[in-house]
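Quick one: the structure is below, questions incoming.
The values are calculated or read from the model by the stated rules, or taken from the named source; none is laboratory data. This one's a predicted model, so the numbers in the text were calculated from it and none came from an experiment. Every residue, glycine among them, receives a Cβ derived from its backbone with ideal geometry; neighbour counts consider all protein chains shown.
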Amino acid sequence: MKFSEFPYKRPDMEALMAEVDKDREAMKNAKDYDSFLAAFKHLDELVSHVNSMEALASARHTIDTRDEFYKDEHSFFCDIMPVLENALSVIYKEVLASPYVEDLKKDVPETWFDIVDFSGKTISDRIIEDLQQENKVAAEYQALVASAQIDFDGKTWTLAGLEEKMNDKDPKVREAAHKAYWGWFAENEEAIGDIYDRLVKIRTNMARKMGYDTYTPFGYLRMNRFDYNADDVDQYRKNVLADVVPAANELYDSQKKRFGLDSLPVWYEKVEFADGNPTPKHSREEMVEAAAKMYSELSPETGEYFQFMTEHDLFDLDSKPGKAAGGYCTFFGDEKAPFIFANFNKTQHDAEVLTHEAGHGFQSYSSRDIFPSVCVWPTMESAEIDSMSMEFFTWPWMRSFFEEDTDKYYYSHLGGAVKFIPYGVLVDHFQHEVYAHPDWTHAERMACWRELEKQYLPHKDYEGVDVLERGGWWMRQLHIFMHPFYYIDYTLAQVCALQFWKRMQEKDPEAFEDYKKLCKAGGTLPFKKLVKLAGLKVPFEPGCLGDTMDAVRVWFKDHDPEELAAKAE
Ligand code: ZN
């Protein structure tokens, strides 16, 4: 069956809740463990089906946001999912108190119990109003940013649209576009500062109602951080400052040299090469074909997976009118099928969809039979290891996408990974400071950002852009507003993916075997245990990033882009 034929039907809530109740009663009155488990499994099937319908409605809604039918279906789920989750959290509390809980531990992975435990600590009637308030204010940020109309070069631009000009080949165009972009943030600084202030206060208030002094420990619970805490993250930051920041600085230095500059103005940061960044050389059809060949050569498992994806048409890759922005990978439990959504734009991003999102897809395909269904996907930081590592495992095939730009691609891909880590840690560190000082003024928050920025990104040159000089960059980082503390996840995953990259460079035959093990485990283990299962070092151990970053530095010494260009001539 192709994706377009996957059947969709809106769940009948009344009938569903009646069935949920029946399972609840059956578990309560179970005479033995077998009948308890049967009801538990049936409940999981119900939940998996609702999630599957929700994912399908949401996917079809994002493919064409103008389609009224799926728009309605999507908002139907926005309304009913919290109701269902609330009902389930009550039932799962009863499961934990059941005499069969010890038996259940033999059939159900530990993370299921963690999920239930954490949701019990974060879902409560006491904070329902705060949660609604939080959603509303966060949506204000989204709406404000989406409403931006910026006059530039005789046209009106959105913030996202203007990014094209911010990456123009001509540095004069880039400079002017950057100034226009940040000019909008300067104009709207008061409004954005006020939105964030309200969010910080709502979140702090919510945490206090739940018995915490500050938002931070409560935020960690909401992010399902099962086996690490703020102290671990503090040690990780020290590791990044010690080993990643110096390596990133070397890259910025070499970038400066390539452009003959003494410092790197902000409009040079994203441009690696004077003659333009690498681009894929083929059409979408050709790239999917190249990916099919690549995955069949990589391993039998990846070959089978990608064949499944193409056979069932589980991609929507082209940009088209009405389609939502961005890219993602989701999963339909009914068909046990991953689905990849993207907006190809003829940049290196297109090839990365077929490696990064396809990595998420491979993980969910590998773990598709895991029970309960909520354990198919791991928590965020672990899920990104699967996708970011696939970007590296597919390196040997990148020539079939980038042709003569392949060496440039390697350089900017690996360099981008290294440069991203200090930024991601900065975004996280800033939030720790903000929630530790909920009464700070906007000016104090700005000053804090700039001070931390000087530690993590000392190369920054904002000359002439006052709002950035004062510490305003964070105002563009959506996660800070919408998903507090969700950002360090990408960096934790990246330092794990780089460990796989190092093992690949060393031709370690176990590297891909360990990766497959990791994908197969899905969400059955918490982060640290998954990392260990994959034979990787946990990023919270002091000094654990040193040898990986040494390998990265050696690689960059051997792959100077100017020497490469000279060799190619
Ligand atoms: Zn991802």
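If I go through segment 364-384 residue by residue, how many of them are more than 10 Å from the ligand (Cβ to nearest atom), under 23 Å from residue 336 (Cβ atoms) and within 16 Å of the chain's Cα centre (by Cα)?
Going through segment 364-384, the residues more than 10 Å from the ligand (Cβ to nearest atom) turn out to be 364-379, 381-382.
Next, only the ones that are under 23 Å from residue 336 (Cβ atoms) stay: 364-379, 382.
Remaining after also requiring within 16 Å of the chain's Cα centre (by Cα): 364, 377-379, 382.
Within segment 364-384, residues that are more than 10 Å from the ligand (Cβ to nearest atom), under 23 Å from residue 336 (Cβ atoms) and within 16 Å of the chain's Cα centre (by Cα) number 5.
Residue 225 is checked against (1) modelled with pLDDT of 95 or more; (2) assigned to a helix (DSSP H, G or I); (3) basic (Lys, Arg) and fails just one. What number does that condition carry?
(2)
What is the residue count in segment 260-278 for residues that are under 13 Å from residue 459 (Cβ atoms), of a type outside the set (D, E, K, R) and crowded, with 16+ Cβ neighbours inside 10 Å?
Total meeting the criteria: 4.
Of all residues being surrounded by fewer than 16 Cβ atoms within 10 Å (Cβ to Cβ) and farther than 18 Å from residue 380 by Cβ in segment 312-333, which is farthest from the ligand (Cβ to nearest atom)? Just the residue, please.
That would be 321.
Another question, if that's okay. If residue 307 passes every condition in (1) surrounded by fewer than 21 Cβ atoms within 10 Å (Cβ to Cβ); (2) within 16 Å of the ligand (Cβ to nearest atom); (3) not hydroxyl-bearing (Ser, Thr, Tyr) but one, which one does it miss?
Failed condition: (2).
From the list 71, 9, 41, 22, which one is within 30 Å of residue 320 (Cα to Cα) and part of a helix (DSSP H, G or I)?
Details: 9 fails: part of a helix (DSSP H, G or I); 41 fails: within 30 Å of residue 320 (Cα to Cα); 22 fails: within 30 Å of residue 320 (Cα to Cα).
Unique residue meeting the criteria: 71.
Given the criterion within 16 Å of the ligand (Cβ to nearest atom), at pLDDT below 95 and of a type outside the set (Gly, Ala, Ser), identify the matching residue among 349, 360, 413.
349
Now for a different question. Give all pairs with beta carbons closer than 6 Å in which a residue from segment 465-482 that is surrounded by 15 or more Cβ atoms within 10 Å (Cβ to Cβ) meets a residue that is β-branched (Val, Ile, Thr) and in a helix (DSSP H, G or I); count only pairs at least 6 apart in sequence or on separate chains.
Listed by first residue and then by second, the contacts come to 474/480; 475/192; 477/427.
Residue under question is residue 181, and the condition is that it be modelled with pLDDT of 90 or more, of a type in the set (Phe, Trp, Tyr) and within 18 Å of residue 479 (Cα to Cα); does it hold?
Judged against the criteria, residue 181 is not a match.
Right, residue 518: of a type in the set (A, V, I, L, M, F, W, C), within 26 Å of residue 396 (Cα to Cα), crowded, with 24+ Cβ neighbours inside 10 Å and touching a helix residue (DSSP H, G or I) at 6+ places or on another chain (Cβ under 8 Å) or not? Don't jump to the end; show me each part of the working.
Details: of a type in the set (A, V, I, L, M, F, W, C): yes; within 26 Å of residue 396 (Cα to Cα): yes; crowded, with 24+ Cβ neighbours inside 10 Å: yes; touching a helix residue (DSSP H, G or I) at 6+ places or on another chain (Cβ under 8 Å): yes.
Here the answer is yes, as residue 518 does meet what is asked.
Another question, then. Give segment 160-178 a look and list any residue that's in a helix (DSSP H, G or I) and surrounded by fewer than 16 Cβ atoms within 10 Å (Cβ to Cβ), or say none.
The answer is 160, 161, 163, 164, 171, 172.
Here's something else I'd like to know. Can you find a residue in segment 411-427 that is touching a Gly at 6+ places or on another chain (Cβ under 9 Å) and in contact (Cβ under 8 Å) with a residue 24 or more places away in the chain?
Checked against the condition, which is being touching a Gly at 6+ places or on another chain (Cβ under 9 Å) and in contact (Cβ under 8 Å) with a residue 24 or more places away in the chain, segment 411-427 yields no hits at all.
Give me the pairs, please: first residue somewhere in segment 204-224 and touching a residue at least 40 places away in the same chain (Cβ under 8 Å), second residue anywhere and acidic (Asp, Glu), beta-carbon distance under 7 Å, and either six or more positions apart or on two chains.
Once the first residue is touching a residue at least 40 places away in the same chain (Cβ under 8 Å) and sits in segment 204-224, its partners that are acidic (Asp, Glu) give 205/130; 206/130.
Of the conditions (1) within 12 Å of the ligand (Cβ to nearest atom); (2) surrounded by fewer than 20 Cβ atoms within 10 Å (Cβ to Cβ), residue 404 clears all except one; give me its number.
(1)
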